[in-house]
Amino acid sequence: MNVPAAPAAEAVRHFAARLAFETDVADVAALLDAGGGEIVLVDTRGAEGWEQGRIPGAVHLPAARIAEHGAALVPAGATAVVHCWGPGCNGATKAALEFARLGVPVKEMIGGFEYWVREGFPVEADGTVARRSPDPLTAPVRAVSCGC
């Protein structure tokens, strides 16, 4: 390695900060399975993406409308968890910034809708909920979770 690792104390601060700002699809799925009372899952994609498929229990608020409607969407004591298409899209980052500007506690769901689907979690479309088989590159095929 050409670049040495950061000192342990700096690494602790860095990784703890990342966990304060981000969550992943498996953690969100576990929270939703447990009732999800402390989060509001916000799908920030456009209408076409929402209609194509969505996470059951998510609410739809495109990023461009967060400044106007976001504060009313998240009750006191709850955290907005935002997602967009996937890791190749920074829409969720922009959405998280808008919620933060409103003073709303917020986390970004890394992996977005893409990894939700790829890991085999339920997707709602056309009034039905279905699951795809997990992609073996993103989740174990024969286990309930990745075990992280």
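Consider the range 63-105 and keep the residues that are in contact with a Lys or Arg (Cβ under 7 Å, 6 or more places away or on another chain) and of a type outside the set (G, A, S). The one that is nearest to T44 (Cα to Cα) is C84. Scan the range 52-99 for residues that are in contact (Cβ under 8 Å) with a residue 12 or more places away in the chain and under 22 Å from L31 (Cα atoms) and the total you get is 30. Return a yes/no flag: does the range 29-37 have any residue that is touching a strand residue (DSSP E or B) at 6+ places or on another chain (Cβ under 7 Å), surrounded by 14 or more Cβ atoms within 10 Å (Cβ to Cβ) and at pLDDT 95 or above. Looking through the range 29-37, none of the residues is touching a strand residue (DSSP E or B) at 6+ places or on another chain (Cβ under 7 Å), surrounded by 14 or more Cβ atoms within 10 Å (Cβ to Cβ) and at pLDDT 95 or above.
Considering only the range 5-21, I want to know if a residue exists there that is surrounded by fewer than 17 Cβ atoms within 10 Å (Cβ to Cβ), assigned to a strand (DSSP E or B) and modelled with pLDDT of 95 or more.
no
The values are calculated or read from the model by the stated rules, or taken from the named source; none is laboratory data. Given the structure is predicted, the values throughout are model-derived calculations rather than measurements. When we count neighbours, we look across all protein chains shown, and the Cβ atoms used for this are built from the backbone with ideal geometry, even at glycine.
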